Amino acid sequence: MEFTTLKGFKDILPGESARWQEIEAKARDLFSAFGYQEIKTPILEKTQLFSRGIGQETDIVSKEMYSFEDIKGRGLTMRPEATASVVRAYIQHRLYQNYPIQKLYAMGPMFRHERPQKGRFRQFHQIDVELFGDPGPKSDAEIISLAMYLFETMGLRDLTLQVNSLGCPDCQPGFKEKLKSYLAEKTSSLCADCQKRAQLNPLRVFDCKVETCRTIVRDAPAIPAFLCRDCRDHFGSLKATLDALNISFEVNDQLVRGLDYYNRTTFEIQTEHLGAQNAVAGGGRYDGLVKTLGGPDHPAIGFAVGIERVVALLEASAPMELLKPDLFIAALGENVDQLTFQWMTALRKLGLWVELDYGGKGLKSQMKKAGRLGAQSVLMVGDDEFRTQKAILRNMNTREQREIDFDNLVLTLKDILKK
Ligand code: HAM
């Protein structure tokens, strides 16, 4: 029997993992400048958290969740996204008590049973950011600008920001009714899924990829005409702040996003370079979710970035160079056997990447190995060097060689090799 990863799941191999570390480190730096702190929540949660939070009629809840019953018959689900879990933690630990504005981020794997394709996996990773406690448009601008700066610090430009406002509980129902009656006239031309959506949750029809449904929604009633005064002002103020920050955006009045908790602002950051899976980040305001999940009536807004998609874009624009050891020690003979091991350990403790061959091979084969690893320098130490108490350091790029006294060798090498 051959064991391989499951379909839609993948290993992140050495080399690629360095890219992940770089992305996560840059994100952490930026988050601390914006005042966001990390929260880690479990991968497994009660199924109801997601069905109630994300919405029963969404694709995620109705067909994509990894759900199962545990040994006691409890319904559990591997998180398909982070927002519902972060909200649960916000309520459970009363995070709002001491600091009314809570700014949190989370990173980790999410699970959705979707059809795998380029940029779409069944286990994927998100960097998720959430801001609780402020209903105003400045928070929307902070969240959107943070998402844009995140891509900027990672060296990704060439991205499109789309924004929309979905209205609030005062104005959205009117729009939904209008949309419902429009769709009712076209029922027979809608796909089977959209015939259901048109009844239960008409906004979802905007997300359908089936061509006939796409044609039908093209002429559907548009949200902007239904927004109440407060929602219009909120959206207007957000757009003005984005302009003031020189962040360009397009308004897409059919951007509803695949989760039901959104109200007012929704946004997505897209690329042209990933085929059908063009969203690298998405988010929006979800002022009703904390209350829906049993907490106080607190507003919130957030977004999530898909790390696999960021990695794919970075790899395409600038493939990552493999990391290389700073030093390879080619040791020959018993005289220097323990000594070279001590040097290697001491240099590693000083932060240098040092390798040593444990196999007792000849010089030629050790030099070959150093070359294969791409070592920047090689320290050659054999019986002759032991006698003179001077090792030979070769710079593998310039081929220059120099002698290094055994006395203080570790500190001398540290000075030479540390960039
Ligand atoms: P989402 O749009 O479902 O939103 O996912 C956010 C991002 O995760 C997407 O833009 C995409 O980059 C990535 N992503 C989603 N599904 C996959 C997949 N199957 N394979 C690879 N990458 C994927 C949310 O999850 C919301 N919780 C975002 C949010 C936070 N809204 C408010 N706060």
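Coordinate-derived values only; no laboratory data. The shown structure was predicted, so the numbers you read here are calculated from the model rather than taken from an experiment. Heads up, the Cβs are rebuilt from the backbone with ideal geometry, glycines too, and the neighbour counts pull from every protein chain shown.
Results, tabulated for the structure shown:
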item: Sorted peptide list for 128-139, 389-400, criterion being average Cβ within 10 angstrom, highest first; result: 128-139, 389-400
item: Length added when fully stretched, Thr412-Leu373, from 0.36 nm per residue minus Cα-Cα; result: 11.7 nm
item: Taking the C-alpha atoms of the stretch 327-414, convex hull volume expressed per residue in Å³; result: 87
item: Inter-site label distance for Asp233 and Gln389 at 7 Å from Cα along Cβ, in nm; result: 8.4
item: Relative contact order (%) - the stretch 1-116, alpha-carbon pairs under 8 angstrom, separation at least six; result: 31
item: Magnitude of the charge dipole, the chain, Cβ model with Lys/Arg +1 and Asp/Glu -1, debye to 20; result: 660
item: DSSP beta bridge pairing in the stretch 2-137, given as percent antiparallel to the nearest 5; result: 90
item: Antiparallel %, DSSP beta bridges [both residues in the chain], to 5; result: 80
item: The chain - percent relative contact order, Cα under 8 Å, separation 6 or more; result: 15
item: Packing-based ranking, highest mean first, of 256-262, 74-80 given that Cβ atoms within 10 Å are counted; result: 256-262, 74-80
item: All lysines inside 19 Å of Lys291 as judged from Cα atoms, apart from same-chain residues fewer than 8 positions distant; result: Lys46, Lys103
item: Those lysines that a straight Cα-Cα span of less than 29 Å connects to Lys118, excepting residues fewer than 8 apart in one chain; result: Lys7, Lys10, Lys26, Lys40, Lys63, Lys196, Lys209
